[in-house]
1. Work out how much length residue 68 to residue 85 would gain on full extension: take 0.36 nm times their residue separation and subtract the Cα-Cα distance, in nm to one decimal.
2. At 7 Å along the Cα-to-beta-carbon direction for both residue 410 and residue 200, put a label point, then send me their distance in nm to one decimal.
3. Tell me the accessible surface of residue 407 in square angstrom (1.4 angstrom probe, heavy atoms of protein chains only), to the nearest ten.
4. What's the local net charge at residue 321, with K and R +1, D and E -1, over the other residues with C-beta under 12 Å away?
5. How far apart, in nm, are two points set 7 Å out from the Cα along the Cα-to-Cβ line at residue 534 and at residue 568?
6. If packing is taken as the average count of other Cβ atoms within 10 Å, what order do 78-86, 294-302, 337-345 fall into, highest mean first?
7. When the accessible area of the stretch 33-101 is split by element with a 1.4 Å probe, what percent falls to carbon and sulfur?
8. Given a 1.4 angstrom probe, I'd like the percentage of the accessible area of the stretch 452-572 that is carbon and sulfur, rounded to a whole number.
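The values are calculated or read from the model by the stated rules, or taken from the named source; none is laboratory data. Owing to the predicted nature of the structure, the values given are computational and were not obtained by experimental measurement. All Cβ positions, even for glycine, are placed from backbone atoms using ideal geometry, and neighbour counts span all protein chains on display. In case anyone asks, the SASA skips ligands and DNA or RNA and just uses the protein heavy atoms, side chains included. Shrake-Rupley method; radii C 1.70, N 1.55, O 1.52, S 1.80 Å.
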Amino acid sequence: VMLLVGAGVLASLAILGGAAWYALTAVADRLAGGRSLLARSVATHLDVVLEDELSNLQGIPASPRFELADEDPQPEVAAVRDAYLRSHLARHVMLVARDLRVLVAEPSPSGPAPPAALVVEAFESGRPVVSPLVAEAGDRRLYLVLPLRDWRGTIAVLAVAVIDPAGARFSGILSPFELGPTGTAEILDGEGVVIAQSGRRATFERAAGWTHAAEAARRRAAVTLVHGGQGTVVAAAPLRTAPWVVVVRQDQAETFAEARRLRRAMLWLGPTLLALALVFAWGAARSVRRPLALLTQAAERIASGDLEQPIPRLPEDEVGRLGRSLEGMRVALKASLDEIASANLALEERVEARTRELQDLYRELQERERWREELLRKVISAQEDERKRLARELHDETSQTLSALAMKIETALAASPPGTLRDRLVEARALTVRTLDELHRLIFDLRPSVLDDLGLLSAIRWYAERHLEPLGIIVQFEASGFERRLRPELETALFRVAQEAITNIAKHAGADTVLIQCLERDGRVTIEIEDDGKGFVPESLPPPAARERGLGLLGMRERVELFGGTIELDSAPGQGTRVKVSVKVQEVADGQDTGVDRR
């Protein structure tokens with residue numbers, strides 16, 4: 001017992017120690033990553049400050065009566081003064097022309113105009129430009145250059161904010177960020193020169209480790225974390241609004257101090273816990289070994305089926321109570337075995353009776369399902385037969401009658417002199433022709449002859465082009481894999497499902513484009529109809545009893561399931577609608593036409 005407990009505790013300590021060590025390593029990585037997060041935070045803060053400055057400059061042309069082309073300079077002077085007063089960083093705010101002339105400046109006299117390269121870059125790119133550190137005659141400056149466009153969209157002038165990097169306003173940007181005794185935050189311009197530093201004045205010299213910061217600035221990517229030499233952690237983060245980089249430095253001893261303390265604690269805690277576990281295991285083994293041996297022998301007798309011999313009395317402790325409980329279990333088990341033997345016979349008889357009842361119910365359910373499918377098949381077949389009959393009667397009787405009526409009106413129109421009567425005959429002829437066209441459309445909708453003559457694909461394409469293209473909807477039709485005709489009843493069912501989907505698009509979708517894809521592969525036909533309309537929430541549809549019965553979604557599903565297929569409806573408001581039908585098919589006899597429109 002001692003060996004097992006010791007091995008178990010040692011294994012547990014090893015696992016927990018490994019997990020803790022791994023966790024401490026992760027903590028150390030997160031502590032180092034915290035410096036990257038801090039660098040990103042400082043960079044984000046500086047981005048916000050620079051964006052505020054650029055927004056302040058952007059508001060100059062919005063001032064009342066601001067117009068560079070007029071002869072009154074006062075509105076421009078007032079606008080520049082307001083921008084200067086609102087600025088948090090600028091030492092000067094000025095308007096500069098393409099030829100480097102300072103048109104307006106605040107306060108006056110202004111500082112020198114920005115370098116010509118910045119002016120040319122701003123005019124050519126049309127985007128804000130933030131300069132690196134500019135040092136001339138002992139004066140250090142940073143420039144924010146923003147092109148201002150006139151009402152024609154032409155860059156008329158540049159708004160320039162001059163920032164003093166040595167001033168309290170700019171150097172105080174990093175003051176809210178505390179990094180500990182050894183930590184510093186620096187702002188580097190595009191050339192690697194330190195233009196601001198937390199806790200001290202900036203050196204305005206190229207920073208150590210500039211290569212990593214330059215890589216971060218060049219890639220304009222996420223923060224690059226480097227464990228530098230001399231035990232230093234360095235994190236660099238580029239700015240979005242300027243070609244600057246924020247660099248955070250801190251000694252590794254301070255960064256990982258907490259993780260190192262936890263590792264030292266783990267090194268002495270593990271052996272101590274192991275020694276205590278072994279001491280307790282030794283005491284427990286001595287107290288339970290002998291009575292457990294007696295209980296083990298009794299349990300082995302019970303396991304072998306010997307329930308007659310009682311368990312001897314044991315001391316009044318936990319093991320003794322276990323022995324008395326085991327004795328009560330032996331007595332109860334002996335009585336239960338007798339009851340179970342008699343109950344098993346009765347239970348087997350009841351199970352056999354219930355099994356027979358369930359088999360009868362299952363057969364009855366299968367019979368009802370078979371009758372339901374047969375009834376549904378006959379109803380659909382009757383519907384299609386009735387459609388054919390109505391289409392034939394309308395074509396053979398009503399259509400012929402209307403054609404004869406149109407001919408009679410045409411004859412009367414030819415013999416009628418100009419006048420009111422002739423005009424009315426012209427109107428009657430137009431009404432008759434329109435009625436005849438509507439009748440033909442109704443005949444084709446009831447039973448399109450193209451379905452019987454050319455097959456499923458041609459019928460779907462014909463119906464989509466006939467009902468969608470007059471509405472300005474672009475129809476894209478794709479078909480693949482159809483090498484022979486499907487069964488007539490399956491073609492009819494699939495056409496009716498596609499007909500309902502196309503009709504719904506024409507009535508409700510408000511779509512611009514409809515994609516119809518038909519595919520036959522591995523003995524299965526798949527039809528997808530997708531539109532880019534306004535869509536809907538499928539769950540919001542009312543139940544079948546609350547809306548027009550028609551074919552509808554329920555009728556589409558019944559027709560597809562009748563052939564063992566599936567139908568999927570995918571739609572969301574503003575995302576369009578997609579209807580996918582998939583049915584396993586059986587091939588028809590060889591030699592039949594596939595019905596594929598080869599155009």
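1. Result for the pair: 4.0 nm of gain on full extension.
2. 10.4
3. Rounded to the nearest 10, that gives 130 Å².
4. Overall, the nearby charge balance is -2.
5. Calculated label separation equals 2.7 nm.
6. Per-residue mean Cβ counts within 10 Å order the peptides as 78-86, 294-302, 337-345.
7. In the stretch 33-101, the share of accessible area belonging to carbon and sulfur is 55 percent.
8. Here carbon and sulfur together make up 48 percent of the probe-accessible area.
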